[in-house]
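Q: Quick one: this structure, given as structure tokens, is what I'll be asking you about.
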Amino acid sequence: MSAPPVQAVIFDLDGTLVQTRIASWEVFEKLNRRHDLGVDEPEQYFDLFRGNIYDSIAKLCRDEAHATLVRDEFLHLLRSEYTPPLVPGVADVVRRLASSSTLAVMSSNAMQVLRRVLTANDLAFCFAHVFGGDVTPDKRTAMRTFLADPGSGFGRRCAADYDEAGLRPLPDPAATVLVTDTAGDVRDGVEVGIRVVGVAWGMHSVEELTAAGAEFVALWPQEITAHLLGDTASEPATGACAVEPVSGNSRHGDYSRSRGPDERVRAASVRRERRRAAVPVSPAAPPSPAAPPPSAAPPSSAPPSSAPSHPSADAELLDAVRRVVRR
């Protein structure tokens, strides 16, 4: 019996959407040295993700008070120093899935980090629901909360407003998929009763993810789309997900909800108009005073000046270069 069409996808952040092995280890290494946790190699750190990361760290601490202190310092370092790059190609996967499914992010990381990473990569409004480690440390709790709330069925379709047209039932566990890079997350997803897809570029190997219960492990980001959408994977993203994102804007403009075959043409036209409006027009240079006749020029023994003979022309050229660069 085939699985029902995908209604919701819950993405892990670290190691799934962003490259985390180096960036996360560099942050944890400072914590390890400060508190003498005994995790001296990156692979030892990656092993901590076989279960809940905060539970794993707590086992390295002297007592509960020490564990709380270490957790708080870890979150502080993540908020202030953790800036991982996005996995190449994953943004296209997110936009394609967001056009037809409700997306959520579930992470052990802090909310501030989630916002910084997703906003910087123009993906914030692709996700309707976010579960951060400083609010919901246990991922099983996050997944059960998502499944229990009828509001979790509403997506955002890459625009600031929620797509609330019509009634949405509770998310169906059989149509909800967790995408993650760690064996611990895979086991949590299986325990909760949802489908789990692993990715091979994060903390744990294909073999480890498969042994933990992943139904499929992607070697490349585009395989996620192919596996979850099947023959419809080649269909382009629709609505706001189909247009170029605009950093810093709360909405994509009037075309964010456009539909139909000519939506890309309208979107391109709007982008061109926005770019034209954003280019400052330099005021015309004031006319330079007429040069005195040669006979009236005072005698001078100074050598000829190396300054440009046509400063207004140079200013116009500089403005033209700026306009081209900004486009």
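Q: Kindly provide the set of residues from region 66-82 that are of a type outside the set (A, V, I, L, M, F, W, C) and part of a helix (DSSP H, G or I), ordered by number.
A: Passing the criteria: HIS66, THR68, ARG71, ASP72, GLU73, HIS76, ARG79, SER80, GLU81.
Q: Sticking with this structure for a sec: Restricting attention to region 37-44, does a residue exist that is within 27 Å of the chain's Cα centre (by Cα), surrounded by fewer than 20 Cβ atoms within 10 Å (Cβ to Cβ), outside the structural domain of PRO137 (by the TED database) and not polar (S, T, N, Q)?
A: yes
Q: Related question: Scan region 68-77 and give yes if some residue there is of a type in the set (Lys, Arg) and under 13 Å from the mean Cα position of the chain (by Cα), otherwise no.
A: no
Q: Does region 1-10 contain at least one residue that is of a type outside the set (Ser, Thr, Tyr), in contact (Cβ under 8 Å) with a residue 60 or more places away in the chain and exposed (fewer than 13 other Cβ atoms within 10 Å of the Cβ)?
A: Yes, that holds for at least one residue.
Q: Considering region 83-130 alone, what residues qualify as being open to solvent by 10 Å² or more (accessible area, probe 1.4 Å), under 22 Å from SER234 (Cα atoms) and not in a loop (DSSP other than H, G, I, E, B)?
A: ALA91, ASP92, ARG95, ARG96
Q: Only one residue in ASP172, ASP185, ASP163 is among the acidic types (Asp, Glu) and farther than 26 Å from PRO236 by Cβ, so which one is that?
A: Matching residue, one of ASP172, ASP185, ASP163: ASP185.
Q: From the list ARG156, ARG115, ARG195, which one is of a type in the set (D, E, K, R) and closer than 24 Å to ARG71 by Cα?
A: ARG115
Q: Moving to a separate point now. Of the residues in region 196-216, how many are open to solvent by less than 20 Å² (accessible area, probe 1.4 Å) and free of Cβ contacts under 8 Å to residues at least 40 places away in the same chain?
A: 6
Q: Among what's in region 131-162 and is of a type in the set (Asp, Glu) and either within 20 Å of the chain's Cα centre (by Cα) or surrounded by fewer than 14 Cβ atoms within 10 Å (Cβ to Cβ) (or both), pick the residue that is farthest from ILE194 (Cα to Cα).
A: ASP161
Q: Moving on. Sort out which residues of region 2-43 are polar (S, T, N, Q) and assigned to a helix (DSSP H, G or I), and write them in order of number.
A: SER24, ASN32
Q: Here's something else I'd like to know. On the given criteria, is LEU219 open to solvent by 40 Å² or more (accessible area, probe 1.4 Å), in the same structural domain as SER100 (by the TED database) and in contact with a helix residue (DSSP H, G or I) (Cβ under 7 Å, 6 or more places away or on another chain)?
A: no
The values are calculated or read from the model by the stated rules, or taken from the named source; none is laboratory data. This structure is a prediction, so every number in the text was calculated from the model and none was measured. Note: ideal-geometry Cβ built from the backbone for every residue, glycine included; neighbour counts use all protein chains shown. Ligands, DNA and RNA are excluded from the accessible area calculation, which covers all protein heavy atoms including side chains. Shrake-Rupley method; radii C 1.70, N 1.55, O 1.52, S 1.80 Å.
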